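The values are calculated or read from the model by the stated rules, or taken from the named source; none is laboratory data. Note that the structure is predicted; figures quoted are calculated from it, not measured. All Cβ positions, glycine included, derive from the backbone under ideal geometry; neighbour counts span all protein chains shown.
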Amino acid sequence: MINTIIIEDELNVREALKKMLNIIAPSIYVVAETAYISEAIDLIRLHKPKLLFLDIQLEDGTGFDILNKLDSMDFNIIFTTAYNKYAIKAFKYSAVDYLLKPIDPLELENAIKRATKQIKSNNEHQELLNVLQGNINTKETKIVLKTTEQRYIFKTKDIIRLEADGAYTLFVTTDNKIITSKNIKYYQNILDNTFVRSHQSHLINKKHVKSIKNTNIIMVNNDIVPISTRKKTEIIKLISE
């Protein structure tokens, strides 16, 4: 059994979540639930859960207020949140598990599978949570990129360009090159309008464009990126904005 605590300020969400857990994941044992920060801290210290369902906005503060007051975190977290485009982008940038309310049973099942499969070190978990909190609270966003061997954290402003490599994506930053296991369309959907799809296989950071020559873009690191001939006028306009 996996001892679990639900920290959520909406009673109907807590009740619905418990019903779904009984059906989807009987190995999840809810030992406690609350809507309040002070009570949540005491419950975590008392029960030492392996899994936490944690709402961002609570009756008396935020989920981060709880995490910041704990000495250590040897549990996995699945955040629950109401729809907010900016907040969802912060989660995707930060590689932290989350569920949109109202919670979808299939998404819940997948999140639990990931949470129970992954055994994260306290340091790694804390680092990802720090990135998430920073992305929610500040305008200087960071993105977590995972390869088969390692995890990287970059400021999005330091990304020069992305290049499609089949189902993978090559990231070129100011000081690194890495290949991730998500396709370029995924990143196009979450990165802001600083990034322009100049070609089917290329996504560039317009702040790192040095010049445009004919049907090519010259980046600050002297990489040459093609421009889609069909959309050349539109792309040049986007880069110039």
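At a glance:
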item: All positions within the range 52-82 that are within 20 Å of Pro102 (Cα to Cα) and hydrophobic (A, V, I, L, M, F, W, C); result: Leu52, Phe53, Leu54, Ile56, Leu58, Ile77, Ile78, Phe79, Ala82
item: Selected residue (criterion: surrounded by the fewest Cβ atoms within 10 Å (Cβ to Cβ)) from residues of the range 159-198 that are aromatic (Phe, Trp, Tyr) and assigned to a strand (DSSP E or B); result: Tyr168
item: Extreme residue, surrounded by the fewest Cβ atoms within 10 Å (Cβ to Cβ), among residues of the range 199-237 that are part of a helix (DSSP H, G or I) and within 26 Å of the chain's Cα centre (by Cα); result: Lys207
item: Selected residue (only one of Val144, Val131 is touching a residue at least 24 places away in the same chain (Cβ under 8 Å), touching a helix residue (DSSP H, G or I) at 6+ places or on another chain (Cβ under 7 Å), assigned by TED's automatic domain parsing to the domain that holds Asn84 and surrounded by 14 or more Cβ atoms within 10 Å (Cβ to Cβ)); result: Val131
item: Members of the range 163-185 found to be acidic (Asp, Glu) and within 13 Å of Asn205 (Cβ to Cβ), listed by number; result: Glu163
item: Top-ranked residue in the range 108-136 [being of a type in the set (Val, Ile, Thr) and at pLDDT 85 or above; ranked as nearest to the chain's Cα centre (by Cα)]; result: Val131
